[in-house]
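These notes are about the structure you will find just below.
The values are calculated or read from the model by the stated rules, or taken from the named source; none is laboratory data. Predicted model, so just to flag it, every value in this text is computed and none were measured. Glycine gets a Cβ as well: all are built from the backbone with ideal geometry, and neighbour counts include every protein chain shown. For accessibility, only protein heavy atoms count, side chains too; no ligands or nucleic acids. Shrake-Rupley method; radii C 1.70, N 1.55, O 1.52, S 1.80 Å.
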Amino acid sequence: MRWWDIEPVLELEHELFPDDAWSAGMFWSELAHARGPQATRRYVVAEAVTDGGPGRLVGYAGLAASGDLADVQTIAAARDQWGTGLGARLLTDLLRAATDFECAEVLLEVRVDNTRAQKLYERFGFEPIGFRRGYYQPGNVDALVMRLSDPAGSVTADRPVQGETHG
């Protein structure tokens, strides 16, 4: 993800998460830590391939690393991309980044009512470890906390990244 991706990311963010969408400032802050030798973040976007023109942004994802622990900050796919494998490709990219950051574990929070995402994470080996009550505001929705103990082991040759993603 680059600065010029922020506006289309925000459009998708507000469409998918109208009650608790991130602000432009939050994305700018994350991107400030995504470049250079001291980078601790990995943010990617996915674009739909079009005939001859620039691709439409259809997904994005971000990961923060600190020591040997990584945290999936965000992952989103446009509704018309649900069921296409885009979420798995984005997550694969993040887990490869966690491996590059030499993280031994990856954590994430997911809404308790988002069973689609929970199933995706479970397919990658994430396990539930607890709840954060009222985590998602203003709706006061609980978050399920999930952990993956071996990100390097979950990204194998049989699960390649496909499609258009870029950092």
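Things worth noting here:
- Region 37-88 - Debye-derived log10 I(q)/I(0), Cα point model, q = 0.24, 0.26 Å⁻¹: -0.90, -0.97
- Total charge dipole magnitude, region 45-141, about the Cα centre, Cβ charges on Lys, Arg, Asp, Glu only, Debye to nearest 20: 420
- In this Cβ point-charge picture (+1 for Lys and Arg, -1 for Asp and Glu), the chain has a dipole of about 160 debye about its Cα centre.
- Accessible area of the chain belonging to carbon and sulfur atoms, whole % at 1.4 Å probe: 49
- Scattering curve values for the chain, log₁₀ I(q)/I(0), Debye with Cα scatterers, q = 0.12, 0.16, 0.18 Å⁻¹: -0.51, -0.96, -1.24
- For PHE101, net neighbour charge (Lys/Arg +1, Asp/Glu -1) across residues whose Cβ lies under 15 Å away: -4
- Between the residues GLY55, GLY87, LEU69, the greatest Cα displacement towards the positive end of the dipole of the chain, with unit charges on the Cβ of Lys, Arg, Asp and Glu, is found for LEU69.
- Relative contact order (%) - criterion: Cα under 8 Å, at least six apart; region: the chain: 21
- Å² of accessible area per residue within region 1-99, as computed with a 1.4 Å probe and no ligands counted: 49
- Computed Rg/Rh of region 1-100, alpha carbon atoms with Kirkwood Rh: 0.96
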